[in-house]
Amino acid sequence: MDQSFHITNWVVALLFLPLFLFENQTVNWSLIWMPLVMGVIFFFGTWTTFLGIRIGDVSLVTPLMGTKVVFVAIGVVVTMGQMPSNSLWLAAIFTTLGIFLMGWRDFRSKATGMTFAILITLLSAALFGFSDVLVTWWANDFGPMAFLTMSTLSVALCSFIMWIIQGRPGFSMPAAARKPTVLAGILIGLQAIGMGIALSFFDDATGINVVYASRGLWAIVLIGLFGVWLGNHERHTSGKTFWWRAVGTLFLTAAVIIAVLDRSA
């Protein structure tokens, strides 16, 4: 898992490098500490996520990560003194509840003896949430595209330092795992670029995270409508679990609608 962690961080940094060429305002290099600090926080958020998966399980970590949207709302209040509207608070709560319901049965079966995994995952959600708030708060002061580039380079540097501390372990992973690991890094990087740009140019970290959390909704919709055609029979084989997830999607759908209506109001 350490191998995939470092590789992902380095691949993401490479993908973000070209964004620097699209910076259209003067970069305030006197504020270089801003993206560096953000990168360190994001690095520890990623590391605690990997640690939570290692100690616990994906089915335990994923529902808990849904609390990120609440931490974002709290972070906006603490750092910028901006109180999200009642609608966005409701959307954040609906999002958290929906994600918990989607993973409830798996979460319930894995929770025993997993106290540390739960705590470390909640810490990860808080770190990621605070990172999103910092992007919204700081990016324009430094230069948005440059901020995103320098932040990911900071993450890559932290990963390199950890790799050195670990004794520079080799990357002799099985051949079959190499391409999926790099591909996963590319996909993570692409979605991070989209998320980063949205946070940089739109002053709505809470609303953006509510909409971003709807990715779980689309997975359920695709399985429900096209699962059999794609060779996925989860709808028929997972029993009540699928329907718990379907109920969760209703809350996610309501949260997205609330967030969009609040933005357009």
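Derivation of every value follows stated rules applied to the coordinates shown; laboratory data play no part. These numbers were taken from a predicted model, which means no experiment stands behind them. Don't worry about glycine lacking a Cβ; one is built from the backbone with ideal geometry, like all the others, and counts go over all protein chains shown.
Quick notes on this structure:
- Net length gained if the chain between Phe201 and Leu14 were fully extended (0.36 nm per residue, minus Cα distance): 65.1 nm
- 3J(HN,Hα) from dihedral phi, the stretch 30-42, Karplus parametrisation 6.51/-1.76/1.60, rounded to Hz, x for glycine, proline: 5, 9, 4, 4, 4, x, 5, 5, 4, x, 5, 5, 5
- Peptide ranges 32-38, 122-128 listed from the most packed, as the mean C-beta count within 10 angstrom indicates: 122-128, 32-38
- Between Leu36 and Arg168, the C-beta separation translates, for a Förster distance of 30 Å, into a calculated FRET efficiency of about 0.80.
- Applying 0.36 nm per residue to the separation of Gln3 and Thr253 and subtracting their alpha-carbon distance, the gain on full extension is 86.4 nm.
- Ranked by the mean number of other Cβ atoms within 10 Å of their residues, highest first, the peptides 17-24, 71-78 fall in the order 71-78, 17-24.
- 3J(HN,Hα) along the stretch 47-52: 5, 5, 5, 4, 5, x Hz, from the Karplus curve 6.51 cos²θ - 1.76 cosθ + 1.60 with θ = phi - 60°, whole Hz, x for Gly and Pro.
- Theoretical gain in end-to-end length, Ala184 to Leu21 [0.36 nm per residue, Cα-Cα removed]: 56.2 nm
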